[in-house]
Amino acid sequence: MRRVIATVPAIALALVTLVPAGVATAHPGEPTSYATKTPYRPQQDARSYQRVPAGFVPVFTESVSRHGSRAATSGEDGDLVLALWERARTEGALTSLGRSFGPEVQRLLDAMAKAGYGELSGRGKQELRDTAVRLRERLPALFDAMPAKGERIDVVSSGKGRAVDSGTEFTGGLVEADPALGPLVDPARTDVDLLYFHKSDGGAAYRDYIDNDRRLAATLKKIREQPRTQAAARGVLRTLFSARFVDRMTAADRVSAAEAVYGLYAIAPSMGAEGDWHLTRYIGARDAAWFGYLDDAESFYESGPGFDDSTITYAMAGVLLDDLFRKIEDKRSGASGFGAVLRFTHAEEIMPLAALMGLPGSARPASPSRPYTYADNPWRGASVAPMAANIQWDLFRKDDTFLVRMLYNEKETAFKTGCRPVAKGSSFYNVDELERCFGRTGGK
């Protein structure tokens, strides 16, 4: 979340308040208030998955995964609030609750520095290993057959430390669950164009949009400069500091400081293996939910479905969707020696891929005249791209017929509207039907 916001002008009071539904009743710890920093959990018990159609056996699996839970990418938030806290301490302006805030923030900063800023936390490592074990358990016939067939496991990442480490943890969990798979895991490789496309050559137009699009800037400014933002900022800071101390701050400084407190609150669950944190007591439920909404709004317009008259935020994910199809096509044609392809990337790739694919809750854009709110759009960072988010395609074969099942955060998920499953309500799709539905050359 950006830390720069102009002082709310008087005209802002005339804007339609874009209060998201549910803010008033949200509670600390609910996924929405953590936005895309929400730690991972599978969304369906595998025991409730549909039966594989009779006669079909698994022959291939592939996935795209966000890295696991991590430390904050820098100590900026902690440094900002600690400096403010120290100033308040010397002025005698701390509340009784605020006095315990500084030491807890310092402990959290120390833990994140030890883990490595931006690197996987203990929880993040476990998320990946547990997901790998569940993958092995879901497809025993596939993995049992791989050693005899000599099929390989391809591991590819963006090349960024937390993505590389996620691949290492995932394959480590897989091999621990089934040591026979160890010799089949190929050396991990890097593909920036595929798994960091928002920063590669293919993302040049996208980066220009982020840096220079006036409509984007105006929309985010309108959302952020609502009176509720100032009220939430004051609410956060008054938990820690005296009214006089908070009143002396500028409007912009109040928001920046409150956002920093929110940033620490949001990252703390990811650091659960490194300490016992109590950041929820320093930020009220309504205020946490509001800053979670602001975080979601930024992600929605910068990496999600965005405006309804533009595809700039997600069209570049086509390179990744093409790769998903290509690996299925190679397996079907007999050109692939892989039994599994495992990709490890970032939220900035998962969110546009989900929008491009039309995944549930991921693809509804907003009208330029009606900005995104929780009230009229189901998009939530907590469900679209939590830590360790994943999209998995499993390929099944019977004679010359191939079916695909998709799991989104380990939940059986329908392909986009217009794609016809093998039977009404089924989670299985003929590969030829998916080719047709997504307009790929060679589809029937």
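The values are calculated or read from the model by the stated rules, or taken from the named source; none is laboratory data. Please read all numbers here as calculations on a predicted model, not as lab measurements. Don't worry about glycine lacking a Cβ; one is built from the backbone with ideal geometry, like all the others, and counts go over all protein chains shown. Protein only, heavy atoms only, side chains kept; ligands, DNA and RNA dropped before computing areas. Shrake-Rupley method; radii C 1.70, N 1.55, O 1.52, S 1.80 Å.
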- prompt: Roughly what would the spin-label model give for residue 273 and residue 193, points 7 Å off Cα along C-beta, in nm?
  reply: 3.5
- request: Find, to one decimal place in angstroms, the Kirkwood hydrodynamic radius of segment 390-443, where the mean of 1/r is taken over every pair of different Cα atoms and then inverted.
  value: 11.4
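Among the listed pairs 149/327; 114/199; 149/331, which are separated by more than 22 Å between their Cα atoms? Intermediate results must be reported in sequence, preceding the final value.
Numbers: 149/327 18 Å; 114/199 28 Å; 149/331 13 Å.
Among 149/327; 114/199; 149/331, the Cα-Cα distance tops 22 Å for 114/199.
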- prompt: With axes computed from alpha carbons, what is the tilt in degrees of helix 98-115 against the longest principal axis of the chain, rounded to the nearest 10 within 0 to 90?
  reply: 30
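Ordered by packing density, taken as the mean number of other Cβ atoms within 10 Å over each peptide's residues, highest first, how do 90-100, 260-270 rank?
Working: 90-100: 13.8, 260-270: 24.4.
The densest-packed peptide leads the list: 260-270, 90-100.
For segment 27-88, what does the alpha-carbon gyration tensor say about shape, rounded, prolate or oblate, given a ≥ b ≥ c as the root eigenvalues, a/c under 1.5 as rounded, and a/b over b/c as prolate? It would help to have the intermediate numbers written out before the result.
On the way: a/c = 7.34, a/b = 2.87, b/c = 2.56.
Prolate, since a/c reaches 1.5 and a/b exceeds b/c.
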- prompt: Over segment 90-228, what is the mean sequence separation of C-alpha contacts under 8 Å (at least six apart), divided by residue count, expressed as relative contact order in percent?
  reply: 21
task: Just need the relative contact order of the chain here, percent rounded to a whole number, with Cα pairs under 8 Å and 6+ apart.
output: 30
message: Modelling each spin label as a point 7 Å along the Cα-to-Cβ direction, I'd like the residue 322/residue 211 distance in nm, to one decimal.
response: 2.4
Mean Cβ neighbour count within 10 Å, used as a protection proxy, ranking 390-397, 432-439, 105-112 highest first: 390-397, 105-112, 432-439
query: Considering the zone a paramagnetic label at residue 107 would reach in this model (a point 7 Å from Cα along the Cα-to-Cβ line), which residues of segment 220-258 have amide N under 19 Å from it?
result: 240
- line: For the chain, the per residue accessible area (1.4 Å probe, Å²) is 41
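How big is the antiparallel share of DSSP beta bridges in the chain, given as a percent to the nearest 5?
Values: 24 of 40 bridges.
So the antiparallel bridges amount to about 60 percent of the total.
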message: I need the phi-derived Karplus couplings for segment 376-388: 6.51 cos²θ - 1.76 cosθ + 1.60, θ = phi - 60°, integer Hz, Gly and Pro marked x.
response: 10, 8, x, 5, 9, x, 5, 9, 6, 8, x, 4, 6
message: With an 8 Å Cα cut-off and a minimum separation of 6 or more residues, compute the relative contact order for segment 323-399 in percent.
response: 26
- prompt: Given (1) 90, 53, 35; (2) 76, 47, 40; (3) 68, 48, 39 as candidate values of Cα extents along the principal axes in Å, which corresponds to the one derived from the coordinates?
  reply: (2)
- request: Subtracting the Cα-Cα distance from 0.36 nm times the residue separation, let me have the gained length for residue 222 to residue 99 in nm, one decimal.
  value: 40.8 nm
task: Could you give the size of the charge dipole of the chain about its Cα centre, using +1 on the Cβ of each K and R and -1 on the Cβ of each D and E, expressed in debye and rounded to the nearest 20?
output: 960
- request: Would you compute the Debye intensity of segment 268-357 from its alpha-carbon atoms alone, equal scatterers and no solvent, and pass along log10 I(q)/I(0) at q = 0.10, 0.16 Å⁻¹ to two decimals?
  value: -0.47, -0.84
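Averaging the inverse of every distinct alpha carbon separation and then flipping it gives the Kirkwood radius. What is it for segment 238-281, in angstrom units? Could the numbers behind the result be given before it?
On the way: mean 1/r = 0.0846 Å⁻¹.
Every distinct Cα pair counted, the radius reaches 11.8 Å.
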- prompt: How far is the Cα center of segment 330-350 from the Cα center of segment 372-398, in Å?
  reply: 18
- prompt: To the nearest 500 deg cm²/dmol, what mean residue ellipticity at 222 nm is calculated for the chain from DSSP H runs of n ≥ 4 alone, each contributing -39,500 (n - 2.57), summed and divided by the residues?
  reply: -13500 deg cm²/dmol
- prompt: Taking Cα centroids, how far is segment 284-319 from segment 251-282 in Å?
  reply: 21
